[in-house]
Amino acid sequence: MERQKSMEKGLLKKSLSIREREPKFPNEDVFLETGLSRKSTREVTKNTQDNDGECRVTASVFLSTFVAVSGSFCSGCGAGFSSGAQSGITKDLSLSVAEYSMFGSILTFGGLIGAIFSGKVADVLGRKRMMLFCEAFCVTGWLVIALAKDALWLDCGRLLLGIGVGLFSYVIPVYIAEIAPKHVRGSFVFANQLMQNCGIALFFIIGNLVPWRLLAIVGFVPCVLHVFCLFFIPESPRWLAKKGRDEDCRSALQRLRGPDVDISCEANTIRDTLEMSEIDGGSRMAELFQRRYAYPLLIGVGLMFLQQLSGSSGVTYYASSLFQKGGFPSAIGTSVIATIMVPKAMLGTIIVDKLGRRTLLMTSCAAMGLSALLLSVSYGLQSFGILPYLTPIFTCIGVLIFPMNVKVSAGTLVTVTNWFFGWIVTYTFNFMLEWNASGMFFIFSMVSAFSIVFVYFLVPETKGRSLEEIQALLSKHVQ
């Protein structure tokens, strides 16, 4: 117990005061691992502070991040496929509303299956090989969809695609967070969402121009390219350190931070964090329900629960149905969405590290609430025959400002929560749309309003903090 307290105190001190450390008191490990004498104390400390990877973004980090988030682009293609292909598939294969709802939502059910095993697979295979494993499911899924002759084969293909997407939803944010310097980590993780939106936008546009089978082949191509690019990026240094591969860890860290950077301080921090985790015990699922994990678990599960019940996945999967229901041309509506979706995501990527994650979350929740309320009013006016010419306009505006798939990085349990409630929403969305569209979106708007309160009172700001500092902050909160 005394050793654990000493380790926690040492880690917290090291994490929170690296930049404030006086030059005449350098980390002892710097001398041990660089072989420098105490005569060069000031030079070593200055070099560590000025050239440390925490303050520098290299071409290797950019390349590795881009390759990783290319998997999110593939996920976005899968999410956008059901909207662009809906009219063609229902006509060619004579699918009912229930059958197409199953096809659309089974992606999220596959995501649920993938999420259940995502943490264990990532721990066994590593981040890089897990992304290759994801693409095996995605490539197979797209081919099955393209060749499908009935609803059963369609569902099988989309289920495989969903498993790959579910695994991606865990490993990509984790990989980026583990390789990116802390001052740009938020923007880099948010690039995950940007690329996903690019995939959705591409399929919203192409879906209006090509048959659905050809659209499935289009989804197959970026998956194959992603497999090829994955061979050119390093493995996560934190995963390598966890597996005891210290030399490989330092090699990967040096490659990411640059050849002239002293990575000793960052490597030591990673090592100390892993040592403390080993003292705390393993990562069995039952241990997540201990008191010390209650706060981060509440935040992660709560955010995923509220995000899905705000209706964002349903809007993404069935955007064309919303426009048709509101009397607005679906081809024009989905094309306009695609046009503004990417700039919105780019804006979020730019401002996330300036405004902070917490502020951006509340802003997104407010936008979702406003959009859902506008759609509720739109369909309400339509059902009562009041101002019918306003319904298409309100529908278009409401869908356009709806943030698509606002997500946060999370562990296995949180990711499972996300996909489970995503499946419920996407499966019931079309039924609820036909039953009472106005009431459905009013419920979504109330959930978004509660989300703002939840984020304001419970979610801490993580801007400018390293992963080790965030871990120390959350641990301190429950003590």
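The values are calculated or read from the model by the stated rules, or taken from the named source; none is laboratory data. These numbers come from a predicted model, not from an experiment. As a convention, Cβ positions derive from the backbone with ideal geometry for all residues, glycine included, and neighbour counts pool all protein chains shown. Accessible surface areas use protein heavy atoms only, side chains included; no ligands, DNA or RNA. Shrake-Rupley method; radii C 1.70, N 1.55, O 1.52, S 1.80 Å.
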- Message: Suppose the filter is out of contact with any His (no Cβ under 6 Å at 6 or more places or on another chain), modelled with pLDDT of 85 or more, under 27 Å from residue 336 (Cβ atoms) and open to solvent by 30 Å² or more (accessible area, probe 1.4 Å); does residue 363 pass it?
- Response: no
- Note on the structure: Selection from the range 161-176 of residues open to solvent by less than 10 Å² (accessible area, probe 1.4 Å) and either out of contact with any helix residue (DSSP H, G or I) (no Cβ under 6 Å at 6 or more places or on another chain) or of a type in the set (Ser, Thr, Tyr) (or both) yields 175
- Task: Determine whether residue 414 is at pLDDT 85 or above, assigned to a helix (DSSP H, G or I), hydrophobic (A, V, I, L, M, F, W, C) and over 21 Å from residue 83 (Cβ atoms).
- Result: no
- Is the range 235-256 home to any residue that is assigned to a helix (DSSP H, G or I), closer than 22 Å to residue 82 by Cα and either open to solvent by 30 Å² or more (accessible area, probe 1.4 Å) or in contact with a strand residue (DSSP E or B) (Cβ under 9 Å, 6 or more places away or on another chain) (or both)? no
- Task: Tally the residues that are open to solvent by less than 50 Å² (accessible area, probe 1.4 Å), assigned to a helix (DSSP H, G or I) and not hydroxyl-bearing (Ser, Thr, Tyr), restricting the search to the range 309-330.
- Result: 6
- Item | Any chance residue 200 is open to solvent by 30 Å² or more (accessible area, probe 1.4 Å) and either within 17 Å of the chain's Cα centre (by Cα) or hydrophobic (A, V, I, L, M, F, W, C) (or both) | no
- Message: Based on this model, can you work out whether residue 448 counts as surrounded by fewer than 20 Cβ atoms within 10 Å (Cβ to Cβ) and either more than 25 Å from residue 299 (Cα to Cα) or at pLDDT 85 or above (or both)?
- Response: no
- When you look at residue 209, is it closer than 30 Å to residue 154 by Cα, not in a helix (DSSP H, G or I) and not hydroxyl-bearing (Ser, Thr, Tyr), yes or no? yes
- Unique residue being over 30 Å from residue 251 (Cα atoms) and of a type in the set (A, V, I, L, M, F, W, C) when the list is 81, 66, 117: 81
- When both residues are 6+ apart or on different chains and their Cβ atoms are under 6 Å apart, which pairs have a first residue that lies in the range 270-283 and is open to solvent by 40 Å² or more (accessible area, probe 1.4 Å), and a second that is of a type outside the set (A, V, I, L, M, F, W, C) and at pLDDT below 75? 279/4
- Task: Quickly run through the range 55-69 and pick out the residues that are surrounded by fewer than 17 Cβ atoms within 10 Å (Cβ to Cβ) and polar (S, T, N, Q).
- Result: 58
